[in-house]
1. Give Ala37, Ala50 a once-over and let me know the one that is buried (at least 17 other Cβ atoms within 10 Å of the Cβ), in a loop (DSSP other than H, G, I, E, B) and either touching a residue at least 40 places away in the same chain (Cβ under 8 Å) or of a type in the set (S, T, N, Q) (or both).
2. Any idea how many residues of region 7-30 are within 14 Å of the chain's Cα centre (by Cα) and outside any loop (DSSP other than H, G, I, E, B)?
3. Which number in (1) closer than 22 Å to Thr9 by Cα; (2) open to solvent by 40 Å² or more (accessible area, probe 1.4 Å); (3) not aromatic (Phe, Trp, Tyr) marks the one condition that Ala58 misses?
4. Can you give me the number of residues within region 1-34 that are among the hydrophobic types (A, V, I, L, M, F, W, C), in contact (Cβ under 8 Å) with a residue 60 or more places away in the chain and closer than 28 Å to Gly107 by Cβ?
5. State all residues of region 69-105 that are aromatic (Phe, Trp, Tyr) and either open to solvent by less than 20 Å² (accessible area, probe 1.4 Å) or farther than 23 Å from Asn26 by Cβ (or both); if no residue qualifies, say none.
6. Among (1) at pLDDT below 95; (2) acidic (Asp, Glu); (3) under 14 Å from Asn26 (Cα atoms), where does Asp109 come up short?
7. Within region 60-98, how many residues are in a loop (DSSP other than H, G, I, E, B) and either farther than 19 Å from Lys46 by Cβ or among the small types (Gly, Ala, Ser) (or both)?
Amino acid sequence: MTASPTLFTRIIAREIPSDIVYEDENYIAIRDIAPKAPIHLLVIPKKVSARLDEITDAQEMGHLWLTAVKVARQHAADYRLLVNSGEKGGQVVFHTHIHILAGWENGPDSDT
């Protein structure tokens with residue numbers, strides 16, 4: 001039996017519409033539908049892993065973070081990158097993704 005497709009897998013497959021801001025052969029970046037900052041994007045690997053710590057290949061991990069930085073810089077000079085890992089870490093969709101948060105006029109309310 002195969003795992004059910006994640007919300008993000010369905011977005012990648014264009015089964016669910018989304019506001020795509022970046023895409024290449026390995027990643028897609030979309031606007032979050034429930035933004036926590038004026039700019040709130042998600043960078044999602046097309047290769048599925050449930051959580052960040054399942055990625056054990058250094059090159060794969062590096063490409064994910066480099067892509068997140070590339071997308072962030074396309075949208076803001078200053079930004080925050082955030083990953084929730086696991087249910088108790090705040091993860092809601094169990095498909096690895098990096099949040100890009102930016103666009104505050106005076107910066108975020110805190111550094112955490």
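1. So the residue among Ala37, Ala50 that is buried (at least 17 other Cβ atoms within 10 Å of the Cβ), in a loop (DSSP other than H, G, I, E, B) and either touching a residue at least 40 places away in the same chain (Cβ under 8 Å) or of a type in the set (S, T, N, Q) (or both) is Ala37.
2. 13
3. (1)
4. Going through region 1-34 one residue at a time, the tally reaches 1.
5. The one that is aromatic (Phe, Trp, Tyr) and either open to solvent by less than 20 Å² (accessible area, probe 1.4 Å) or farther than 23 Å from Asn26 by Cβ (or both): Trp104.
6. The number of the failed condition is (3).
7. So the count comes out to 8.
Yes/no matrix, rows are residues, columns are (1) hydrophobic (A, V, I, L, M, F, W, C); (2) touching a Pro at 6+ places or on another chain (Cβ under 8 Å):
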residue	(1), (2)
Ala50	yes, no
Asp57	no, no
Leu82	yes, no
Ser85	no, no
Val92	yes, no
Leu101	yes, yes
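The values are calculated or read from the model by the stated rules, or taken from the named source; none is laboratory data. As the structure is a computational prediction, the values presented were derived from the model and not from experiment. Ideal geometry is used to build each Cβ from the backbone, glycine not excepted, and the neighbour counts take in all protein chains shown. Each accessible area value is taken on the protein alone, full model and side chains, heavy atoms only, with ligands, DNA and RNA left out. Shrake-Rupley method; radii C 1.70, N 1.55, O 1.52, S 1.80 Å.
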